[in-house]
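The values are calculated or read from the model by the stated rules, or taken from the named source; none is laboratory data. Predicted model, so just to flag it, every value in this text is computed and none were measured. For neighbour counting, all protein chains shown are included, and Cβ atoms are generated from backbone atoms with ideal geometry for every residue, glycine included.
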Amino acid sequence: MSLDNRPPPNSGSIVNLPLVTEERTFAPIGVTNRQLECLYWVQHGKSAADIGGILGISSRTVEGHLLKICDHLGVKTRFQAVLMARDVGLLKASAP
């Protein structure tokens, strides 16, 4: 599927995000796809090291992405970021 035919991130499952190859920003919040990818995996209980392994980046880079998304969302913790991202439609709540 071409990049132009993908549904917007908040219209469907966030599961597609780990396959994103281009960088987009979700205005007006300023959250990037990579930040959302990291938050998606946090939602599923993954550590920074786990997420780094999944995405092929360092755990330190993951931490940076998570700090940035917390800042964009106006929260202090990963847990708060997941809840806020759900509230504003950036993440869908995952089924247990």
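For residues in the range 52-75 being under 12 Å from the mean Cα position of the chain (by Cα) and without any contact (Cβ under 8 Å) to a residue 12 or more places away in the chain, which is farthest from Leu90 (Cα to Cα)?
Leu67
Scan the range 50-83 for residues that are part of a helix (DSSP H, G or I), touching a Cys at 6+ places or on another chain (Cβ under 9 Å) and farther than 18 Å from Arg34 by Cβ and jot them down.
Matches in the range 50-83: Gln80 only.
Kindly provide the set of residues from the range 60-83 that are more than 17 Å from His44 (Cβ to Cβ) and buried (at least 18 other Cβ atoms within 10 Å of the Cβ), ordered by number.
Within the range 60-83, Cys70, His72, Leu73 meet the criteria.
Look through the range 36-51, keep the residues that are over 14 Å from Phe79 (Cα atoms) and within 13 Å of the chain's Cα centre (by Cα), and return whichever of them is modelled with the highest pLDDT.
Residue satisfying both the conditions and the ranking: Ile51.
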